[in-house]
Every structure is written in structure tokens, then in C-alpha cells.
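Here the structure is laid out as C-alpha cells; the discussion comes afterwards.
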Amino acid sequence: MPQSLYFCGQNKPIMITTDQLKDIMTRTEQLGQYLQIDEKKMQLAEEELHTQAPEFWNDAKAAEAQMRKVKSLKRWIEGYAHVRSQADELELSMDFFRDGVVGEEEVDEAYRKALAAVEDLEMKNMLSHEEDQMPAVLKIVAGAGGTEAQDWAEQLMRMYQRYCEKHDYKVTIANLQEGDEAGIKTVTFNIEGDYAYGYLKSENGVHRLVRVSPYNAQGKRMTSFASVFVVPLIDDSIEVTVNPANLSWDTFRSSGAGGQNVNKVESGVRLHYKFVNPLTNQPDEIVIENTETRDQPKNRENALRHLRSQLYELELEKRREAAAKVEAGKKKIEWGSQIRSYVFDDRRVKDHRTNYQTSNVNAVMDGDLDEFIKAYLMEF
């Protein structure tokens, strides 16, 4: 039995045990060793010296890459410093508790903060691939089923927007097609913030809704589907080859959130790119629409960036499939697989890949996805 801590010798146990305190301190030490924080501090000092060279900004592309390296090192060092601080605060609060200076609530709160800090950094440590730190492009497409499916797609859009708000991510809508009567047919938005792709890649796949439909006169229980695609939003520092000969363009008048002025000129662009898919080795085509701005050249630039992001993701998927063959015992993750069910009437949301589920449907639809994402990262 884990030993509880008591106040001034009285038989009054608090929530935290000595084993829990020891666990926090051990995990903190292990994180410092595993992340090689001392080595990162020395490396940061060396990398910052390079940025002070007079000719540093002569090559803007190389300078930006160097600044990203510096920023990444700082992020790990500062992240660990926060964990270390919270662990030390917990240890100190335990000493104060024994001396009768603070109460149980203060110790419990210190434990919650320390545990959250440790788990957050442990989770970020799982996001070690280059693309995990990148911004993300998230696209939602309503499945078959007309208004019901389009309404579900709009609910998912709201869910991800709320998730981004909670994590201080910047969201920019690149393309939005409204439904015929309600909801949306599709939406694509860029998500910028630390590890946006690393966290949101867990959302790739088909999301299934079961509910009594407000659009059904008989009040029948209906099932709807929507597909979510997430790719890293890359910049010019990532080399991706696009063959101009395989590109073609259409233009059209934008509609929807842009207002009446958007409809007067053909600012919307539709990109077609024909290529050999590296996953199937078969001819394929990517079609991307962008209505982000009223400037057609800018929309072309944004569409090309999304194309490069999708081509980059396909190459990453090819690498992941090769690695999965080595680890044949693990579950295979594919685009288009049904990943999660949202059963409104039974008050249940379940992820079929990890078996994690919750009865707090309202919280999930308000963007509380952290536990689903954590379970996914722990599993895969």
C-alpha cells in the first residue's frame, strides 16, 4: 500500500501519496536525462553564436532555418525548466504541509500542476518527427447523406475551431463550401501554432455520428459520416518537387463568407495536379480550391502551398508504411478508416483505434479532444 502523508502527525491522509511524489520527481529527472537538457543548453549557446555573425542574414533561407533550430532548442529547455519548477514547487509544498504552513488543498493543487507539466512534456517528446512541429492544414468533407451529413461536417468544423481556441492556435479558412440547406459540404483551414500537426494528425480519418436527426420528420435515429484530412503545412524550407507540366488551373467567383464583393471577380482558384501516387504507383490527381483572399495570385500561391503540403504528406505516409511493415504487430493506420463514433443519444464518444471513450459528449463537441489525442499518441 502506498504511504499517505499526514498533517502534523494527525490521522488525516491527503490525496497525494509518497509514491506519487516520488513518481513525479523520478519522471522529472528521467525527462532531463532523456531530453539531454544539459547538452541542449550547450548546443543553444553555440547555435546562437552563429546568429550573431554580421553576414548571418545574407542568406535569408539559411538564416530562417537556423532561427528555427534555435527556437526548437529554446522550446525544449524552457519546457523542461517549467517541469522542474513545478516538481520543485510540489516538493516544497510537501515540506510546508508537514510544518503546518499550508493545507491539503494547496498540496493537491501543486500535485495537479506538476503532473500536468510532466505529462505535457512527455507527450511533446513523442512528437519527435520534423513534421510534428509544423502548422497543419485540416480539411473536412461531408459524406453521403445530404443535409444531415453536411450539418455533421459543420459541427466538426466548430469542434476543431474550439479546440484551436483552447490551445491559442491561429485558424485561417482557406476554402468553405456551404451546404444546400444547412451545414457545409467542405471546409479547409490552416492551423498555426506549436505542434499543430503533431497533435491534430490523430484526427485523420472518418468520423461517424449517430443521433435522432432534427432533419427527419419521423424522428428516426440516423448515422452520418464526415472525413477529416490533416497534413503538415510546409514552407519553402521543405523541398517538394512540383512538375509545372502536370498543373492546370480553373478560376471561379467565390461565394459564402467573403461577402458580395467577392462575387464580382473570379478570385477563386481550382488547382488540378496529375501525378503518380507514391503509395499506389498509379496515376492520381489532386484537386485544391482556394478562396482565402480576394486576390487571385495570392489564392494561387496558397493553393500551391497546400499542394506541396499534400505531396509532402504522401511521401511521409510512404515512409510510415515502410516502417509499419517492420512493426507488423501494430495496428495499421490509413486515411479513410473509421476512427471515432459520436453517439449523441447514448452520450458516448469512442475512438475505435485506442478504445478510449467518454460520456461527456458536450465537452468533446466544445473542443475537449486532449484525452483522445493523448491516447492516440500513447498507442501509436
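Any read-out appearing in this document is the output of simple, stated calculations on the displayed coordinates, not a laboratory observation. No experiment lies behind these values; they were computed from the predicted model shown. Reconstructed Cβ throughout: ideal geometry from the backbone, glycine too, with neighbour counts over all protein chains shown.
Observations on the model:
- With Cα atoms, 0 to 90° folded angle of helix 104-126 axis to the chain main axis: 50
- Degrees, to the nearest 10: 18-34 long Cα axis against longest axis of the chain: 60
- Computed [θ] at 222 nm, helices only, for the chain once each DSSP H run of length n ≥ 4 contributes -39500 (n - 2.57): -14500 deg cm²/dmol
- Cα centre as origin, Lys/Arg/Asp/Glu Cβ charges: the chain dipole, Debye: 1320
- Cα long-axis angle, helix 147-166 against the chain (0 to 90 degrees, to the nearest 10): 40
- Taking packing as the residue-averaged number of other Cβ atoms within 10 angstrom, the listed peptides 184-190, 200-206, 221-227 run from highest to lowest as 200-206, 184-190, 221-227.
- Each peptide in 243-251, 102-110 gets a packing score, the mean of other Cβ atoms within 10 Å over its residues, and the list from highest to lowest is 102-110, 243-251.
- Cross-link partners for residue 298 among the aspartates and glutamates, with Cα-Cα distance under 19 Å and sequence neighbours closer than 8 places in the same chain left out: 192, 235, 236, 250, 266, 289.
- Here's the list of aspartates and glutamates a cross-link from residue 185 could span, going by alpha-carbon distance under 12 Å and ignoring same-chain residues fewer than 8 apart: 148, 151, 154.
- 5 angstrom amide H check on residue 277, placed H, neighbours 5+ away: 282, 284
- Cross-link table 166/274; 22/350; 40/139; 220/350; 22/201, entries beyond 30 Å C-alpha to C-alpha: 166/274; 22/350; 40/139; 22/201
- When both segment 13-74 and segment 160-194 are represented by their alpha-carbon centers, they are found 32 Å apart.
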